[in-house]
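Right, one structure below, let's go through it.
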Amino acid sequence: MTVRTAVLDLLRAFRMTTIFGNPGSTELPLFRQFPDDFRYVLGLQESVVVGMADGYAQATRNAAFINLHSAAGVGHAMGNIFTAWKNRTPLVITAGQQARSILPFEPFLFSSQATELPKPYVKWSVEPARGEDVPHAIARGYYIAMQPPRGPVFISIPADDWEKPCDPLAARVVSSALRPEPRVIDEIGNALDAAERPAFVVGAAVDRDGAWDDVIRLAERHNALVWVAPMSGRCSFPENHPLFAGFLPPMRETIVSLLRGHDVVFALGAAAFTYHVEGFGPHLAEGARLIQLIDDPSIAAWSPTGTTAVASIRLGVQDLLARAAPSSRREVPTGRAKPQRTEASSPMTVAFLMQTLADIRDPGTIVVEEAPSSRRPMQTHLPIVRSETFYTMCSGGLGYGLPAAVGVALARRDRKVIALIGDGSSMYSIQALWSAAQLGLAITFVIIKNGRYAALQEFAPAFGFTAGEPLAGTGLPGIDFIALARGQGCDGVNVSLAEDLRDVLVDALRRPVPFVVEVDVS
Ligand SMILES: Cc1ncc(C[n+]2csc(CCOP(=O)(O)OP(=O)(O)O)c2C)c(N)n1
Ligand SMILES: [Mg+2]
């Protein structure tokens, strides 16, 4: 047995027979006699590779295996490694290194401090001391990546290691979902029972942990309004439920005001809170008490206030449900008002685009979004109503959504995937269209073309710009997304008239292959 055959056996045992990568010389030895039961998914830039793997890992609920090229490949990948870290996506990232015997001579395309390069955005990083230790490093990396809170790990592998003889290594069962302490569950449960007007704030970890149904039951038991935590990467509560209240923005004062009147705020699988702009004063209105259930000890440690249980969200909520139901039922609070229908206009609004999508999509359709200024109208007009049907990034780093949609679609060939991507966002990793075309995935890419970085322009007043003051570096004229798509084997069509939109989208969603719909919006 060689390191290569031992690693391939381990990957089989871990159900990681899809390798996302972009190869270079130092990685080639892994692919000698590449076995038939493995599949190599090529991304034409390393940010695409990691974005696809992230979507795939989230949709399969298992770590994805990545192979990058030495320092240069890890460098290109770094933005989406940061995103995987924030998304808490389990990834086993390997990268080639030059052969050990020439490392003293600073060889071409080596990585001088390979394990330092991806830090601090990996949970663990190693270059094994001996070639024969590589299988153990990959197994250990897999278990670490899968331990909550999940995340990426990094293993640097010198090129000559793959042929080294070594012993086989059997996969193990490592169970790491933790139950909360009963004492703390009692404290949280008592606070919920005694609350007059409780609110839940749900974050991505709820859906990630498979706690969707349990959280609905808990919210219904307590008649609690349910808010979405700022910058959630997944949907964790049906957005058409009567208890659904809406989305909290990443702004301290606004959160305080939106949650005013609630005496107990229960953050589930969510930081309390993620801020994007400077804010001052209390984090919650006076008299309100924060309680939190989170799988991330680091978030638990920086929470400014309240009682926190660090545990599996699913097991924690099940423990709360196992308590006796509160004797007196509160009145049912009023959730978010139904949005007003919006009218067709010329040019078309993003709200009209989202409303049209909501009218025609099947509720089981998966939406992957990266369209910063379109997010508000999407949240209003395109409700997500089922578990595991919405993905965006928790990091804010653009260049994730387009490849993530490809990874999600690869994992879920049973589903239609709609990628809602801003014109600016799509250009960070446009090569993902090529992978989608090669893989024949049924993705509808809706490119929201406003010709600019609108989110930055909308943000400018917060930094002292006056209305209408020009903002450097935010115009995006002259990009033809249909040409870019066709050049990569993917067909597409432009829509500029509101009256054409519905038919174009219906046709795109019926296609069994990827298709780009470039929508001109105001
Ligand atoms: C990697 C990275 N670079 C830059 C930014 C800053 N940024 C935030 S929103 C935005 C504009 C995105 O443009 P587009 O996708 O067209 O969406 P729009 O704002 O027009 O809705 C930019 C550049 C970022 N978040 N991530
Ligand atoms: Mg734009």
- Task: Quick one: check the C-alpha center-to-center distance for region 422-441 versus region 344-378, whole angstrom.
- Result: 19
- Carbon + sulfur, % of accessible area of region 130-284 - ligands and nucleic acids excluded, 1.4 Å: 53
- Message: Straight-line reach only, C-alpha to C-alpha below 20 angstrom: list the aspartates and glutamates that LYS164 could link to, leaving out same-chain residues fewer than 8 apart.
- Response: ASP9, GLU27, GLU127, GLU132, ASP133
- Message: Suppose the chain between ARG217 and ARG341 were pulled fully straight at 0.36 nm per residue; how much longer would it get relative to their current alpha carbon spacing?
- Response: 41.6 nm
- Task: Towards the positive end of the charge dipole of the chain, with charges on Cβ (+1 Lys, Arg; -1 Asp, Glu), say which of ALA301, ALA195, ALA13 has the farthest Cα.
- Result: ALA195
- Over region 125-177, what relative contact order in percent results from Cα pairs under 8 Å that are six or more residues apart? 46
- Message: How much accessible area per residue does the chain have, counting only protein heavy atoms and a probe of 1.4 Å, in square angstrom?
- Response: 41
- Message: Just to verify a number: FRET efficiency for GLN33 and MET1, C-beta to C-beta distance, R0 = 22 Å, to 0.05?
- Response: 0.95
- Query: Nearest 20 debye, what's the magnitude of the dipole of region 1-123 about its Cα centre given +1 on Lys and Arg Cβ and -1 on Asp and Glu Cβ?
  - Reply: 360
- On the full set of protein chains, 1.4 Å probe, figure out the accessible area of TYR121 and give it in Å² to the nearest 10. 70
- Most to least accessible of ARG140, ARG486 (protein chains only, probe 1.4 Å): ARG486, ARG140
- Starting from the residue with the highest accessible area, list VAL495, VAL332 in decreasing order, probe 1.4 Å. VAL332, VAL495
- Query: If r is the Cβ-Cβ distance from LEU103 to THR334 and R0 is 51 Å, what FRET efficiency results, to the nearest 0.05?
  - Reply: 0.20
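Dipole magnitude of the chain about its Cα centre, charges +1 at Lys/Arg Cβ and -1 at Asp/Glu Cβ only, in debye to the nearest 20?
The calculated dipole for the chain is roughly 820 debye.
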- Calculated FRET efficiency, ASP507 and SER298, Cβ-Cβ r, R0 41 Å, to nearest 0.05? 0.30
- In the neighborhood of GLN58, defined by Cβ-to-Cβ distances under 11 Å, what is the net charge if each Lys or Arg adds +1 and each Asp or Glu adds -1? +3
- Message: Solvent-accessible area of THR60, probe 1.4 Å, all protein chains present, reported in Å² to the nearest ten, please.
- Response: 50
- Roughly to the nearest percent, how much of the accessible area of region 453-522 is carbon and sulfur, given a 1.4 Å probe? 57
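If you build the convex hull over the alpha carbons only and average its shadow over all orientations, what do you get for region 89-166? Give it in nm² to one decimal.
Its Cα hull, projected and averaged over all orientations, spans 5.0 nm².
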- Task: Starting from 0 in steps of 20 Å, tell me what percent of the Cα-Cα pairs of the chain lands in each bin.
- Result: 22, 52, 25, 1
- Task: Starting from the Cα of LYS119, draw a straight line to each of the lysines and keep only those under 26 Å, dropping any in the same chain fewer than 8 residues away.
- Result: LYS86
- Query: Using 7 Å Cα-to-Cβ label points, what is the ASP362/ALA462 separation (nm, one decimal)?
  - Reply: 3.8
- Message: If you roll a 1.4 angstrom probe over the protein chains with everything in place, what fraction of the accessible area of region 1-128 belongs to carbon and sulfur, to the nearest %?
- Response: 56
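Protein chains only, probe 1.4 Å: how do PHE65, PHE105 rank by accessible area, largest first?
Descending order: PHE105, PHE65.
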- Using +1 at the Cβ of each Lys and Arg and -1 at the Cβ of each Asp and Glu in region 389-484, identify which of ALA454, GLY399, ALA467 lies farthest towards the dipole's positive end. GLY399
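The values are calculated or read from the model by the stated rules, or taken from the named source; none is laboratory data. Bear in mind the structure is a predicted one, so any value in this text is a computation, not a measurement. No Cβ is skipped: glycine too gets one built from the backbone with ideal geometry, and neighbour counts run over all protein chains shown. The accessibility values were calculated without ligands, DNA or RNA, using every heavy atom of the protein model including side chains. Shrake-Rupley method; radii C 1.70, N 1.55, O 1.52, S 1.80 Å.
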